[in-house]
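A short worksheet on the structure shown next.
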Amino acid sequence: KTDIEENVISFKITGYEKYSLIIDKNYVKPLTVVVRKPEQVEIPADANVIEYKAGVHDVNEIVVTKDDTWIYIHEGAIVRAAQPKSNPVVSKDGLGFARWNSFIRATGVKNLHIVGTGIIDFSHITCHARRGIEINGSENVSIEGVTIINAAEWTVVTNQCKDVVIDDLVLIGHRLNSDGVAIVDTQNAVVTNCFARTGDDHFEVKSITKNSATGGNNIVFRNCKAWPDSCRGFGVISETVNDISDVTFEDCAVLYRINDWWLDPGASEWYMGSLVICLSDSGRVSNITFRNIEIYSET
């Protein structure tokens, strides 16, 4: 409930959540307020720690190669991804953008934790230069609490992983292909309490690796908020090379799903939507559940 008096809007916040205030139906420029519990992170004494304390940090990349690694981005810390200066790993993608490896990345590790309530900011790198966080072939992975701004491409990706927990993320961006949370060929994943307003799909399950060892199954998205200005909110989306099964989206919300994706506006009748199952490859999809989903505005 809001009260308005002499051009002053007041409201009482009664819990830890993500709140968006829209004034005069101007949903393009809302005020979004994130209210969190005080930061409490306990790191084991024998862990490998990569730590960023309060302040601004310009960082080229963060590569994890050891098990039992904690990346701790403290409250008040802003980690700014620097524009890569070396030659790109892939000189051009399909749209002509130069690309490098993902900003935070790990392959084949166990017990990786990315924690803290600080900010990762991609505003200083070019479009498609890097994915945000990409974890490949790893086990027991958690990503909790961080805010990610203006991702240059896919924001958070787990690929061929097992036992993943993603909680309380805030993802805000606008650039093409800045998908929110992509659970790819992953087994046993739980995504909870996240807010996303990005420039592509928001909370999605995919399969892109033929004959993946893990497959995509036993995945839950719970209490997540999607604001898909230009694409889709929740679902199994497009890349479906291997079988995907047992995926649940529950107690979630779509605030505004506004526009058709500019690449193919004529496909909106089957390709767009707040809740979707889109198949584009040979895999089979089964036992997908959407339960207790609130959709505020679907265009």
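With +1 on the Cβ of every Lys and Arg and -1 on the Cβ of every Asp and Glu, and nothing else charged, how large is the dipole of the chain about its Cα centre, in debye rounded to the nearest 20? The calculation lands at about 440 debye. Among the trypsin sites (Lys or Arg not before Pro) in segment 104-151, none is located in a DSSP loop while being surrounded by at most 11 other Cβ atoms within 10 Å of its own Cβ. Checked against a 26 Å cut-off, the cross-linked pairs LYS110/LYS225; LYS53/LYS110; LYS29/LYS206 give Cα-Cα distances beyond that limit for LYS110/LYS225; LYS29/LYS206. Per-residue 3J(HN,Hα) values for segment 223-230, derived from phi via the Karplus relation 6.51 cos²θ - 1.76 cosθ + 1.60 with θ = phi - 60°, read 6, 10, 10, 10, 10, x, 4, 10 Hz in sequence order (x marks Gly and Pro). Calculated from the alpha-carbon coordinates, segment 38-169 shows an Rg and a Dmax of 14.4, 46 Å respectively.
The magnitude of the dipole of segment 123-192, with charges of +1 and -1 set on the Cβ of Lys/Arg and Asp/Glu and taken from the Cα centre, is near 280 debye. Look at where the Cα atoms of segment 97-131 and of segment 1-56 average out, and the two centres are 22 Å apart.
The residues of segment 169-294 expose, per residue, 37 Å² of accessible area to a 1.4 Å probe.
For VAL49 and LEU279, a Förster radius of 35 Å and the Cβ-Cβ distance give a FRET efficiency of 0.25, rounded to the nearest 0.05. For LYS29 and LEU95, the difference between the fully extended length at 0.36 nm per residue and the C-alpha to C-alpha distance is 20.9 nm. Of the trypsin sites (Lys or Arg not before Pro) found in segment 1-51, the ones in coil according to DSSP and having at most 10 other Cβ atoms within 10 Å of their Cβ are LYS1, LYS12, LYS25. Per the Debye calculation on segment 59-124 with a single equal scatterer at every Cα and no solvent contribution, log₁₀ I(q)/I(0) for q = 0.19 Å⁻¹ amounts to -0.86. Using a probe of 1.4 Å, the accessible surface attributed to ASP67 totals some 70 Å² when neighbouring protein chains are kept in position. The chain gives an Rg/Rh value of 0.96, both radii derived from C-alpha positions and Rh following Kirkwood. Here each label is just a point 7 Å from Cα along the line to Cβ, and for ALA82 and ASP246 those points are 4.5 nm apart. Note on the chain: GNM, Cα springs under 10 Å; of VAL90, VAL236, VAL146, the largest mean-square fluctuation is that of VAL90. Bridging of LYS210 to aspartates and glutamates at a Cα separation below 13 Å is possible for ASP185, GLU239, ASP243, ASP281, once same-chain residues fewer than 8 apart are set aside. Residues THR126, THR248, THR65 ordered from highest to lowest accessible area at a 1.4 Å probe: THR65, THR126, THR248. Largest accessible area first, the residues LYS85, LYS66 order themselves as LYS85, LYS66 under a 1.4 Å probe with ligands, DNA and RNA left out.
Accessible surface comparison of SER102, SER86, probe 1.4 Å, protein chains only, largest first: the order is SER86, SER102.
The values are calculated or read from the model by the stated rules, or taken from the named source; none is laboratory data. What you see is a predicted model; the values in this text were computed from it and never measured. Neighbour counts are summed over all protein chains in view; Cβ atoms, including those assigned to glycine, are modelled from backbone coordinates with ideal geometry. With ligands, DNA and RNA removed, areas are computed over all heavy atoms of the protein, side chains included. Shrake-Rupley method; radii C 1.70, N 1.55, O 1.52, S 1.80 Å.
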